1. In nm, give the distance between the simple-model label positions of Lys97 and Gln65, each being 7 Å from the Cα along the Cα-to-Cβ direction.
2. In the chain, if the dipole is taken from +1 on Lys/Arg beta carbons and -1 on Asp/Glu beta carbons about the Cα centre, which of Leu36, Pro116, Phe62 is farthest to the positive end?
3. Using Cα-only point scatterers and the Debye equation, what is log10 of I(q)/I(0) for the range 80-170 at each q in 0.15 Å⁻¹, rounded to two decimals?
4. Where the accessible area of the chain is counted over protein heavy atoms with a 1.4 Å probe, how much of it, in %, is carbon and sulfur?
5. Going 7 Å from the Cα of Ser27 in the Cα-to-Cβ direction, what parts of the range 73-115 have a backbone nitrogen less than 19 Å from that spot?
6. Taking amide H atoms as placed 1.01 Å from N in the peptide plane, list the residues 5 or more away in sequence, or in a different chain, whose amide H sits under 5 Å from that of Val53.
7. For Tyr168 and Asp144 in one chain, what is 0.36 nm times their gap in residues minus the Cα-Cα distance, to one decimal in nm?
8. Counting only GluC sites (Glu not before Pro) that sit in a DSSP loop (anything but H, G, I, E, B) with at most 10 other Cβ atoms within 10 Å, what is the longest stretch of the chain containing none of them?
Amino acid sequence: LERYPLSAASSGAAMGPPTVGWVGQRSTSNFLKPLLPIFQELIDAEHAQVCAVGIDAKALGFTMQSVPWSEQTEVADINTFDIGIMPLADEPFERGKCGYKLIQYMACGLPVIASPVGLNRDMVEEGVNGFLAETTAEWRHALDRLIADPALRQKMGQAGRAMVENRYCL
């Protein structure tokens with residue numbers, strides 16, 4: 001856990017619109033595509049910022065912010081988020097994912113929104129440390145709730161951090 005300090009967002013100290021963040025790579029960026037219209041609406045209305053770590057968003061036709069991934073800056077990049085997301089397709093390969101990015105987000109004290117696929121179902125306690133979202137309407141509802149309620153983000157982030165401390169920390 002010493003590698004994952006709590007983010008400023010976890011204390012409620014974040015200024016400006018909250019940042020919805022994702023960490024991944026080009027091969028997993030397709031999971032963001034169904035959410036792009038939601039992201040664009042949030043960005044256009046200045047309700048949130050969206051940041052992708054690990055891809056060149058503009059080169060892929062996405063309008064969100066992006067930064068390259070590096071091991072040295074990954075945690076600092078996650079700590080710029082207010083909400084961590086993990087969209088996935090419900091396919092055999094994705095069902096085998098370990099939920100590592102959820103662990104990283106929660107270790108930093110962030111609430112999460114994830115697709116109910118594989119271990120995500122076990123890691124995300126609905127309404128406690130985040131939300132599970134399958135349809136675009138569910139994603140929009142979860143994003144809207146967390147964006148509008150800093151106290152809820154903080155409470156869920158604390159619950160996520162506690163879960164990481166209890167279940168995933170050596």
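1. 2.2
2. Result: Pro116, furthest along the dipole toward the positive end.
3. -0.49
4. 55
5. Taking a point 7 Å out along Cα→Cβ of Ser27, the residues of the range 73-115 whose backbone N falls under 19 Å are 86-102.
6. Result for Val53 returns Trp22, Val23, Gly24, Val67.
7. 5.8 nm
8. Answer from the scan: 72-170.
The values are calculated or read from the model by the stated rules, or taken from the named source; none is laboratory data. In this text, all values refer to a predicted model and were calculated from it rather than measured experimentally. Cβ coordinates were reconstructed from backbone atoms using ideal geometry, including for glycine residues, and neighbour counts include every protein chain displayed. Side chains are part of the model used for accessible areas, which takes the heavy atoms of the whole protein and leaves out ligands, DNA and RNA. Shrake-Rupley method; radii C 1.70, N 1.55, O 1.52, S 1.80 Å.
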